[in-house]
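Report on the following structure.
FYI, it's all coordinate maths here, none of it is from the lab. Nothing here was measured: the structure is a model prediction, and the numbers come from that model. Quick reminder, even Gly has a Cβ in these numbers, built from the backbone with ideal geometry, and neighbours come from all protein chains shown.
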Amino acid sequence: MRLIQRSSRSFCVTEIGQTYYSHCKAMLAEASAAQEAIDQDKAEPQGVVRLSCPIAMLHAQVGPILAEYMVSHPRVTLQLEASNRRVDVIAEGFDLAIRVRPPPLEDSELVVKVLGTRCWCLAASPALLEKLGTPTQPADLANYPSLDLGPAREEYLWQLVGEQGELLTMRHTPRMISDDMTALCQAAIAGAGVVTLPVMMMEEELKDGRLVQLIPYWTLKHGIVHLVFPSRRWIRPAVRSLIDMLDEKFKSLPNN
């Protein structure tokens with residue numbers, strides 16, 4: 001197939017050559033536009049970022065960080081799912097998910113970035129303690145109604161750590177099971193039972209006396225706050241900038 005017709009003194013482009021040239025020119029223009037889009041994206045984060053975050057963590061600490069991020073990055077659109085369900089990051093198309101769980105972190109095909117740790121404690125209302133007395137050792141907790149974080153399961157355990165690092169596992173039968181930490185905190189304030197929650201979820205209630213920490217020399221295993229995302233190989237600037245801001249802000253937060 002001839003693209004150019006040559007003679008001893010001249011040449012001309014054939015009709016198919018003209019068509020070929022037009023397509024090549026269009027391809028170069030598209031490649032240039034694609035590179036320009038990439039360069040522009042590098043210069044300023046933009047586009048949609050899909051994020052999943054547990055409800056309590058969002059209300060307690062992450063919400064203000066996301067608000068600041070949105071103001072700082074006006075070309076980014078944030079699609080936030082506030083949910084306690086464990087999303088499938090890859091299958092559901094999420095860029096990031098924030099999770100909190102006790103160690104060890106599970107193996108997965110996802111990249112894990114630790115943001116910090118959060119301590120948990122046992123707490124109850126003054127009204128409940130006035131009625132049943134204040135427990136002085138873990139064994140006393142068997143005489144108290146309890147509340148626990150869902151979902152429903154066959155066995156409910158409190159795993160306590162003593163001052164010398166000794167471990168104690170206590171079974172209990174909760175009166176209320178919920179995946180909403182706020183609901184559990186409100187039930188505990190009302191005197192419905194002893195609750196185990198992150199200290200950050202009860203900080204104000206512990207300060208103003210609506211809740212009282214129980215047996216403080218026995219603590220619960222801490223939770224690791226971490227991000228998971230699909231890959232390190234190429235992360236869009238909008239996603240990278242959000243990861244960096246979350247990492248920076250969490251470093252300044254107390255590990256409570």
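Each part reduced to its alpha carbon centroid, segment 102-177 and segment 214-230 end up 10 Å apart. Only beta bridges with both residues in segment 120-220 are counted; by DSSP, about 70 percent of them are antiparallel. Between 0 and 90 degrees, the angle of helix 237-251 with respect to the longest Cα principal axis of the chain falls at about 30 degrees. Placing +1 on each Lys and Arg Cβ and -1 on each Asp and Glu Cβ, with no other charges, gives segment 213-256 a dipole about its Cα centre of roughly 220 debye.
Note on the chain: semi-axes of the ellipsoid equivalent to its C-alpha gyration tensor, largest first and rounded to whole Å, are 59, 17, 15. This model, with +1 at the C-beta of Lys and Arg and -1 at the C-beta of Asp and Glu, gives the chain a dipole about its Cα centre of some 960 debye. For LEU80 and GLU166, a Förster radius of 30 Å and the Cβ-Cβ distance give a FRET efficiency of 0.15, rounded to the nearest 0.05. Between helix 63-72 and the chain there is an angle of about 30 degrees, using the helix long axis and the longest principal axis of the Cα atoms. What is the angle, in °, between the Cα long axis of helix 199-208 and the longest principal axis of the Cα atoms in the chain? Nearest 10 is fine, range 0 to 90. Relative to the chain, helix 199-208 is tipped by roughly 50 degrees.
Computed FRET efficiency, Cβ-Cβ of GLN159 and ASP88, R0 22 Å: what is it to the nearest 0.05? Write out the running numbers ahead of the final one.
Numbers: r = 28 Å, r/R0 = 1.25.
E(calc), rounded to 0.05, equals 0.20.
In plain terms, if you count all Cα to Cα distances in segment 125-184 and split them into 10 Å steps from zero, the share in each step is 19, 45, 34, 2 percent. Taking label points 7 Å from Cα along the Cα-to-Cβ direction, LEU129 and LYS221 give a separation of 2.7 nm.
Here each label is just a point 7 Å from Cα along the line to Cβ, and for ASP179 and GLU248 those points are 3.4 nm apart. DSSP bridge analysis restricted to the chain gives an antiparallel fraction near 65%, rounded to the nearest 5.
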